[in-house]
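A short write-up of the structure that comes next.
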Amino acid sequence: MLQLLLSFTCIALGVGMSIVNPGPKFPPTKGEVWPKPQEETKEAAYLTFNPSHFTVKLLGENCTILANAIQRYSYIIKNKSGLHRQRPHERRKRRNGAHRHDENYEGAVEELQIDLTAPCEDYPHFEMNEEYKLNVSTISALSSPSIWGIVRGLETFSQLFYLSDDRNELRVNKTRINDFPQYSHRGLLLDTSRHYISVSNILKTLDAMAYNKMNVFHWHIVDDQSFPYQSERFPELSQQGAYDSSMVYTKEDIQRVIEYARDRGIRVIPEFDVPGHTRSWGNAYPSVLTECYRQDKVVGLGPMDPTKNITYKLLRDLFQEVQTWFPEKYFHIGGDEVELDCWRSNPELREYMDKHNLTVPELHALFMQNAIPLLANDSEVVVWQEVFDERVPLSKDTLIQVWKGSWISEMVTVLTAGHRLIFSSTWYLDALGSNWPDYYWADPRQMVYDVTSNRTLLNGVVGGEACMWGEMVDDRNVQSRVWPRASAVAERLWSANTLGRRSFFDTLPSEVYHRMEEHTCRMIRRGVDAQPPTGPGFCIP
């Protein structure tokens, strides 16, 4: 009887009950920017937007990139903010006297004056200037000494607009912003070998990167499973190594991606990962790969053979072509996850190592020492951390990409040796079951400082990349797997730790969840198939 009474008491008090309220879990903000600007002052006063009474005026330099950006963002504001779905008579009704008693209403945005104070650069580049100043008022002003800062400022300007509660008009609050990125390298790696990703989806990815102010598209274009790069010098590589003749990237495809990225201030860094992850190369050129043995029998092909001249001749000629097609100065040569046991099993390589008194890791170092000089003379190199770990002599300009466990000690070791690095260890998007908050708090400079208290090391951390490996993603789900999880990485790299010092185990402030809801809906309206960020909710199309 006592137990029954306690049960009724618990029910009456709501003990153990989960109360669910109607509506979205985190209602979206209105006109908040992602990634968060460095300095932002927003007033309660607001203005309305009428596309037919709005102009853009250029005060400074002009170029094709700027003209394209103005056209692109004018279209986004006019057509991708939800306003175009309202009936014209509803908008007229709202404009006819609805603001007469609203003390915060200050008229309409009439003009955006853009002042680019220096000539445009041809291509985005490492450590490019992306700072800008934006003042939103009746006559708004955007200024920057760089075309890339203007592009970032236009993105921010477009994000400040929001629908009124009755959805009959587009509004924007009077706002002042001074903004710049904390990290110069803010990247997304996309693997197009495990599953082929169409050019149209790559372009959509570049759009989404621009919406998140990311500036490096790391194109992991080939790997063990397939070789979709269609070489003119070595057509057999894709003819025999691609999944299908329809699943290749031609020279024209690559040029289209590069130009599309250029307009959005995004660098395109190609990766041809050698000497491992090269099994698809062997369909056309098996002689450049190592035969792997088990009990004196060949069981398959492994990494590139580092002892054969033909290996380096193929790489030299291919790299020359690739670098002609990709104008980016940096080139990712890979160097990760080399199957050293295959080299160890091969009788000819064992004989070579005995003759030259080399260990297997030293054979890896020998390969990289021979392969890196095959790149163009003005190249800068990016390698995975194993190349550094194997003590390969590297120039101080080489970027080390840290991706494995024990990443804090690895970063400290790399930085102490005088190298610069990009960080990826906690930002692997292929981790099934992870959500965007799991990627939000990691600030690589903060992690280094927490264990060293040495500020002089921090400038060597130039940025980071979210990595979308392709085993479980293809054209049908790649966008929803990348976004909005990569948006968390984007804010960390642009804004750094603007919310104060935090750890992985802190609860995120609720404003971040609300802002993420708005940003995800914003991306969806602009054509990005982002997945719902945080539980129940909705987006206005």
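The values are calculated or read from the model by the stated rules, or taken from the named source; none is laboratory data. These figures come from a predicted structure and were not determined experimentally. Cβ: placed from backbone, ideal geometry, glycine included. Neighbour counts: every protein chain shown. When the accessible area is computed, the model is the full protein with side chains, heavy atoms only, and any ligands, DNA or RNA have been set aside. Shrake-Rupley method; radii C 1.70, N 1.55, O 1.52, S 1.80 Å.
For region 29-88, how many residues are over 23 Å from Asp165 (Cα atoms) and open to solvent by 80 Å² or more (accessible area, probe 1.4 Å)? So the answer is 6.
Is at least one residue of region 449-456 of a type outside the set (Ser, Thr, Tyr) and surrounded by 15 or more Cβ atoms within 10 Å (Cβ to Cβ)? Within region 449-456, none of the residues are of a type outside the set (Ser, Thr, Tyr) and surrounded by 15 or more Cβ atoms within 10 Å (Cβ to Cβ).
Restricting region 393-436 to residues that are of a type in the set (A, V, I, L, M), farther than 30 Å from Glu517 by Cβ and within 22 Å of the chain's Cα centre (by Cα), the residue that is surrounded by the fewest Cβ atoms within 10 Å (Cβ to Cβ) is Ile408.
Checked against the criterion of being in a loop (DSSP other than H, G, I, E, B), within 21 Å of Val482 (Cβ to Cβ) and assigned by TED's automatic domain parsing to the domain that holds Trp469, region 232-240 has no qualifying residue.
Here is a yes/no grid of residues against (1) within 24 Å of Ser200 (Cα to Cα); (2) over 21 Å from the mean Cα position of the chain (by Cα):
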residue: Thr456; (1), (2): no, yes
residue: Pro484; (1), (2): yes, no
residue: Glu491; (1), (2): no, no
residue: Glu511; (1), (2): no, yes
residue: Met523; (1), (2): yes, no
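Checking each residue of region 510-521 against the condition of being in contact (Cβ under 8 Å) with a residue 12 or more places away in the chain, more than 29 Å from Leu415 (Cα to Cα) and in a loop (DSSP other than H, G, I, E, B) gives no match.
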